[in-house]
Amino acid sequence: MNSIALIEANGRIYNYNDLINCLHQIGIGKGDILCVHTELIAFGKPLVSKNEFLDSIIRAFYEVIGSSGTLIMPTFTYSFCKNQIYDKRHSRSTMGLLTEYYRHCDGVVRTDDPIFSFAIGGANASEYLIRTPTCFSNGCVYDKLRQNGGKIVLFGLTHLGYTFTHYIEEQIGVSYRYFKRFSGLMIDESGNESKQSIEYYVRKLDKNSEISIPKQIEILKRSNNFNLVPFGNAMIVAIDAQKYYKETYEAIIQNENNILQ
């Protein structure tokens, strides 16, 4: 297993064991709770079949976090924003190949949020299945991730994957967003249909309300909370969710422009 070649990049072969070592280097270990945002195309040329490649990545994460760890991936659909049905079994993730593959894996469950759903496997997965009145209110996946000392992993990207900031914005009640109710039809795992509603703290389009990713990264780096390692042509980053929340919360409270473009 450890010698399986996964990708080729810059004339070098990277194998399964290289990936394991990279995850250890950024501080991931047994019992960790990870929320993984991905962009696989950036790493390099895959040297195995698509499914073997995806399966190898998932197995690597589980090998590092062990049976006491939890692996979370965003499977956002934005279904109600698009006036679409949210079907927990069939609504595809918009967050990349790995997240769509992962939600079909044995033992993985999916949250009810018809906008920002997550796929969750491993220890204590059921703890993250609380249905909340808003996308990022108390009890949501990001809230549990923070409370439980979890980490956000950017796997192959550094310029995307900061949806956690929207959770912080809602917790603060920033002036450049407002609650908007979205309603629609949800179909659960058993095929049962029900009408559901959820509030999403959306941007005020007549105000400066776009997050500046460089500013967010700088906030994380100032607190030494942007641990990264190269793998192939891209980076793998680990961010402590509690520190992410604390430092970004304080920056926004000081001045909302600290996080805006």
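The values are calculated or read from the model by the stated rules, or taken from the named source; none is laboratory data. Quantities reported herein were computed from a predicted structural model and do not represent experimental measurements. Keep in mind that these areas ignore ligands, DNA and RNA; they rest on the heavy atoms of the full protein, side chains included. Shrake-Rupley method; radii C 1.70, N 1.55, O 1.52, S 1.80 Å.
Based on the Stokes-Einstein relation at 37 °C and a viscosity of 0.692 mPa s, and on the Kirkwood radius from alpha carbon pairs, the range 156-199 is assigned a translational diffusion coefficient of 245 µm²/s. When the listed pairs LYS82/LYS204; LYS215/LYS243; LYS45/LYS215 are checked against a 22 Å cut-off, the alpha-carbon distance exceeds it for LYS45/LYS215. Sorting the Cα pairs of the range 1-125 by distance into bins of 10 Å, from 0 upward, gives 13, 41, 33, 12, 2 percent per bin. The residues of the range 140-217 expose, per residue, 44 Å² of accessible area to a 1.4 Å probe. Nonpolar atom fraction for the range 112-261, defined as the carbon and sulfur part of the 1.4 Å probe accessible area, stands at 46 percent. Listed by chain and number, the lysines whose C-alpha is less than 29 Å from the C-alpha of LYS50, apart from same-chain residues fewer than 8 away, are LYS30, LYS88, LYS151.
At q = 0.12 Å⁻¹ the log10 of I(q)/I(0) for the chain amounts to -0.73, computed by Debye summation with a single uniform scatterer per C-alpha, solvent ignored.
Rounded to the nearest 10 square angstrom, ARG146 shows an accessible area of 60 square angstrom against a 1.4 Å probe. Residues in the range 227-244 carry Karplus couplings, in order, of 7, 10, 9, x, 9, x, 8, 10, 10, 10, 10, 10, 10, 6, 5, 5, 5, 3 Hz; the curve used is 6.51 cos²θ - 1.76 cosθ + 1.60 with θ = phi - 60°, and Gly or Pro positions show x. Every Cα-Cα pair in the range 84-207 was counted, and those over 17 Å apart are 62% of them.
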